[in-house]
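As structure tokens, the structure follows; a few thoughts come after it.
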Amino acid sequence: MIEDGLEHERDYVAGLYARLDELREDAERQLVAIRAQGGSGGTHQSRTERDTFARLYEDRIAQLRDVNERLAFGRIQFADDDDDDDSTKYIGRIGLRDEDQKPILLDWRVPQASAFYQATAATPLGARARRHLISQGRTVVRIEDEVFDSELLAEGNGHQGEGALLAALSAERTGRMTDIVATIQAEQDRIIRSEMNGILVVQGGPGTGKTAVALHRAAYLLYSHRKRLRGSGVLIVGPSASFLNYIESVLPSLGETGVVLASVGRLFPDVTATEHDVPAVAAIKGRSGMADLVSKAVRSRQRAPQHPVPMIVNGDTVMLDPATVERAIAKARDTRKPHNEARVTFVKSALSELARQYAEQLRAQGNAIDDSDLAMLREDLRTADDVRIALNTAWLPLTPQKLVQDLFARPQWLAELTPNWSDDQRALLHRERSAPFTVEDVPLLDEAAEYLGEYDAVDAARKREEKAQHKRDIENAEAAIENMQVGGMVDAASLAANFAETAGRSTTSERAAGDRSWTYGHVVVDEAQELSPMQWRLLLRRCPMRSFTIVGDIAQASAATAAPSWRQALRPLLGRNPADDRWRLEELTVNYRTPSQIAEAAEQFAISHGLPVTPSRSVRSTPWPVASAPDVVSAVRQDRAISTVGTLAVIAPPSMLTDVYSALRDAFEGEVVYGSESLLEPIVVISPQDAKGLEFDSVVVVDPTGIVEGLPRGSAALYVAMTRATQRLTLVGDLPMPAGMQPALF
Ligand SMILES: Nc1ncnc2c1ncn2[C@@H]1O[C@H](COP(=O)(O)OP(=O)(O)OP(=O)(O)O)[C@@H](O)[C@H]1O
């Protein structure tokens, strides 16, 4: 009943904590008991089972400890029952049952909990009222009620848990994103719970919660499809390492750790690319035509000599005829295997033919050679240096790294492969072999790996063995569940993951991150508007089932290769068959980050520059109009005179960053950091590109005109910079507006 007050909730929540403690103590006792069976006795199988269950209890204890804060944050009352206890459900970070196995707290992800997030007065979904519980430590300090009564269909702006939401949004920022599980809004919840299959695109303006929704969706899917995803994993792709640092604690706070977080520069194992190419180069490397170029490059490494090649074998000269090589190449290509794997066929076929030819030659010299000698001759040929060199020249085993390095370092070769390109285009790609790989090279490496296949037979065998081991782990896990009679407590895939960890083997996520042929159960892509066709091709290979959550904002796109619409961006993901052209688009329209006065100024600027803005409505405003200042040091002083609490970002054109940093370092010693490596310092100096996806209490934008004119898609870059603030924005310099338009700022 809604008249139940604060006292009632305090008691109820205290009861939940008591149960939580009890369950934890139980698990601790079980752990002690399992360890007591310890020693090295029993069969290997029973020891592994024991260790695995000990681990399960340890994980359970850790999980129960982790939810100490905000264990329960909501309550929903359904109208259909006769006011008995069952009509009231409490919602929390995990589910709890009492001793009689009656649910006393629902995990936020179970279907019944969705009414807590989605019910409104207009569509109450069978609910009568919703209550938010706001706690400090273990104590409920405030409650907030909403009644879904048609007579109370008052105005209000439709946000649920307004007080709790506003408190969360106004809290100072720490440089780390936090979870929003207690205040997820209805439009967000629908997206979070949307079905897993297929391609879901979430478009929304800055601050509309796209990142938050994407991460909560990952947690939701891992919970609801644990069986499928635990073995295959979920990949979350973000624009940069600093962005991933910013979001990395959200999923663990929701109890999920089995995901792979990767920036686009780290999607190829063993390569860490952080630098971007200049826009003109990035534009070429991102085009889907690069896939053909890489494929042609690989094929061009399979070539017959122009003239017969003399080779010394056992003191005899054997001629390698171009036609022999051509036939061996054709046979190898017929296998349709990648280059390095097809090479086995090439070598075998060339050696067989050469052995026959050599036998003929020896016979002609009067030697008695019969078919049983052929194997020996083949071996003589195989070990002869000249033969090895000649066959390698015709079909060299290659790593993706070497192929890509050579392609850019050998202008002559690139020219042969690109007869229709201009010299200028080719010149853009030229670089030294030793130059580090860029973010834009990563999809090229991956494409090359696709055509080349495994370079290292040992590596390939290791991967095969890991896959077989994984299968055995699952079978063992199924047997263990049966033996220990714990069906329902844990699924086989989770237990298998624990087996692997207990035995010191890598976990699903570690194996997935290190294996480019791994296919994930689901892929989440953030800031997806920036991706090039080549990057999309790579991501499709990571999830051929095409189960994707793609979030971004076309208006914020600043990469040279970014597409002007989602339909165009997704082309590489969609099949050729029009029936495959299926993807769902959802829009988010409420800005949770930027106060209205800043959002309006930014939107007005963006629209006047022709950006395809998705209009959004800010949840709140702050008392500070967009300010201006004559220089960066006074801008920061001015802002800090208002408040020094929280984080402040100074966003400047890349060419000015070092000067801006030195000026600020002199004025605010010990408080300023350069770049987005550490977002935890009070003042951070960064470029608009690095600010993507991040947020700060205050933002100072230096030289807006310089950003617009000096960067490719500069107006999008300035739009991003202006929309990073949760409280205050100061501009150092004028906002460039088209002729005849005035900025509506102050
Ligand atoms: N329902 C919510 N409850 C509390 N905070 C929320 C909610 N939704 C979003 N937020 C907060 O709003 C801010 C903006 O969210 P987020 O970074 O996910 O937006 P975005 O759409 O990804 O923005 P951008 O496109 O600018 O990167 C974050 O601080 C996030 O925690």
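The values are calculated or read from the model by the stated rules, or taken from the named source; none is laboratory data. All values derive from a computational prediction rather than experimental measurement. As a convention, Cβ positions derive from the backbone with ideal geometry for all residues, glycine included, and neighbour counts pool all protein chains shown.
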Test: Ala113 is in a helix (DSSP H, G or I) and modelled with pLDDT of 85 or more: yes
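Matching residues to (1) of a type outside the set (A, V, I, L, M); (2) surrounded by 22 or more Cβ atoms within 10 Å (Cβ to Cβ); (3) at positive phi:
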| residue | (1), (2), (3) |
| --- | --- |
| Ala167 | no, no, no |
| Gly175 | yes, no, yes |
| Arg190 | yes, no, no |
| Met196 | no, no, no |
| Gly207 | yes, yes, yes |
| Lys210 | yes, yes, no |
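Against the definition (among the β-branched types (Val, Ile, Thr) and surrounded by 16 or more Cβ atoms within 10 Å (Cβ to Cβ)), how does Val660 come out, yes or no? Spell out how you get there, then give the answer.
Details: among the β-branched types (Val, Ile, Thr): yes; surrounded by 16 or more Cβ atoms within 10 Å (Cβ to Cβ): yes.
Yes; evaluated as a whole, the condition is true for this residue.
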Pair list, Cβ < 7 Å and 6+ apart or interchain, from segment 363-392 residues that are closer than 17 Å to Met311 by Cβ to residues that are part of a loop (DSSP other than H, G, I, E, B): Asp380/Asn314
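What about Val259, is it within 14 Å of the chain's Cα centre (by Cα) and in contact (Cβ under 8 Å) with a residue 12 or more places away in the chain? Give the derivation first.
Working: within 14 Å of the chain's Cα centre (by Cα): yes; in contact (Cβ under 8 Å) with a residue 12 or more places away in the chain: yes.
Considered against the rule, which asks whether it is within 14 Å of the chain's Cα centre (by Cα) and in contact (Cβ under 8 Å) with a residue 12 or more places away in the chain, Val259 comes out as yes.
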Members of segment 516-551 found to be farther than 22 Å from Leu222 by Cβ and within 15 Å of the ligand (Cβ to nearest atom), listed by number: Gln529, Glu530, Leu531
2 or more residues polar (S, T, N, Q): qualifying helices (runs of 4 or more DSSP H) within segment 191-309: 210-224, 241-247, 289-300
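May I ask you to verify whether Pro269 is closer than 29 Å to Ala569 by Cα, surrounded by fewer than 18 Cβ atoms within 10 Å (Cβ to Cβ) and in contact (Cβ under 8 Å) with a residue 40 or more places away in the chain? Lay out the reasoning, then the answer.
Working: closer than 29 Å to Ala569 by Cα: yes; surrounded by fewer than 18 Cβ atoms within 10 Å (Cβ to Cβ): yes; in contact (Cβ under 8 Å) with a residue 40 or more places away in the chain: yes.
Spelling it out, Pro269 is indeed closer than 29 Å to Ala569 by Cα, surrounded by fewer than 18 Cβ atoms within 10 Å (Cβ to Cβ) and in contact (Cβ under 8 Å) with a residue 40 or more places away in the chain.
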Of all residues in segment 166-190 being out of contact with any Phe, Trp or Tyr (no Cβ under 6 Å at 6 or more places or on another chain), hydrophobic (A, V, I, L, M, F, W, C) and in a loop (DSSP other than H, G, I, E, B), the one that is farthest from Ala212 (Cα to Cα): Ala171
Number of positions in segment 586-609 that are out of contact with any helix residue (DSSP H, G or I) (no Cβ under 8 Å at 6 or more places or on another chain) and either away from the ligand (no atom under 15 Å from the Cβ) or of a type in the set (Lys, Arg) (or both): 5
Listing of helices (runs of 4 or more DSSP H) fully contained in segment 485-560 that carry 1 or more residues being out of contact with any helix residue (DSSP H, G or I) (no Cβ under 7 Å at 6 or more places or on another chain) and at pLDDT 95 or above: 533-542
Residue in segment 207-220 that is over 12 Å from Leu588 (Cβ atoms), more than 11 Å from the ligand (Cβ to nearest atom), more than 17 Å from the chain's Cα centre (by Cα) and not aromatic (Phe, Trp, Tyr) present: no
Residue satisfying condition, being on the phi < 0 side of the Ramachandran plot, in contact with a Phe, Trp or Tyr (Cβ under 8 Å, 6 or more places away or on another chain) and polar (S, T, N, Q), within set Ser249, Ser288, Ser224, Ser300: Ser300
Wholly enclosed strands (runs of 3 or more DSSP E) of segment 638-735 bearing at least 3 residues touching a strand residue (DSSP E or B) at 6+ places or on another chain (Cβ under 6 Å) and in contact (Cβ under 8 Å) with a residue 40 or more places away in the chain: 648-651, 696-702, 725-732
Sole residue being under 23 Å from Thr726 (Cβ atoms) and surrounded by fewer than 21 Cβ atoms within 10 Å (Cβ to Cβ), chosen from Ser242, Ser224, Ser232, Ser249: Ser249
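Yes or no: segment 590-606 includes at least one residue that is basic (Lys, Arg) and exposed (fewer than 15 other Cβ atoms within 10 Å of the Cβ). Give the derivation first.
Keep residues of segment 590-606 that are basic (Lys, Arg), which gives 593.
Filter once more, so that each one left must be exposed (fewer than 15 other Cβ atoms within 10 Å of the Cβ): none.
Checking segment 590-606: not a single residue is basic (Lys, Arg) and exposed (fewer than 15 other Cβ atoms within 10 Å of the Cβ).
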Residue count for segment 665-716, restricted to those that are touching a Gly at 6+ places or on another chain (Cβ under 9 Å) and not β-branched (Val, Ile, Thr): 19
Members of segment 172-200 that are farther than 18 Å from Val590 by Cα and either at pLDDT below 80 or near the ligand (Cβ under 8 Å from one of its atoms) (or both): Glu172, Arg173, Thr174, Gly175, Met177, Thr178
Residue in segment 544-567 that is of a type in the set (Lys, Arg), surrounded by fewer than 24 Cβ atoms within 10 Å (Cβ to Cβ), within 25 Å of Lys463 (Cβ to Cβ) and in the same structural domain as Ile191 (by the TED database) present: yes
